[in-house]
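Values in this text are rule-based calculations from the coordinates and carry no lab data. Bear in mind the structure is a predicted one, so any value in this text is a computation, not a measurement.
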Amino acid sequence: AFDCERYLGVDRVPERVDLAQGRYASGVCDFRRADARGFDSGERFDVVWTSNVMQHLLLPEKLRLVESAKRALSPGGAVLLREAGIVEGSMEDAERLYADAAHARHMVPVPERLLRERFAPLRLRRLAGIVWVASEDARA
């Protein structure tokens, strides 16, 4: 169960939406088939969460997802990212880091610096491991 007033889950894969609706459907939870890269329900949320999404997107798609997340955020809210592939350094450094066979087919890295620029005026910081937060307050 979700401990919140309202939860909206978005996925572009119909089977995942069906699975979520079957498990969690309630007056609090709503699940929709949509592409998060350009999704805008017109609603605003205290928390926007992505998990293992960005790492599979090309750079222009990552940037559209950042804009979509910022647009959906309520004032004072936070974007949480559970994403591998956010790395320090340049795009070349990021690409070298993930050039091995285990990552090359499915991992598209992004420099942390670029995400910081795109999330502005929100502040981006690493919470732990591959979990990041973008918020007005750097301590959030």
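Some observations on this one:
- Rounded to the nearest whole Hz, the Karplus-based 3J(HN,Hα) values (6.51 cos²θ - 1.76 cosθ + 1.60, θ = phi - 60°) of the range 111-119 follow the sequence x, 3, 4, 5, 5, 4, 4, 6, 7, with x at glycine and proline.
- Amide hydrogen proximity for Trp49: with H placed 1.01 Å from N in the peptide plane, the residues at 5 or more positions away or on another chain lying under 5 Å are Leu80.
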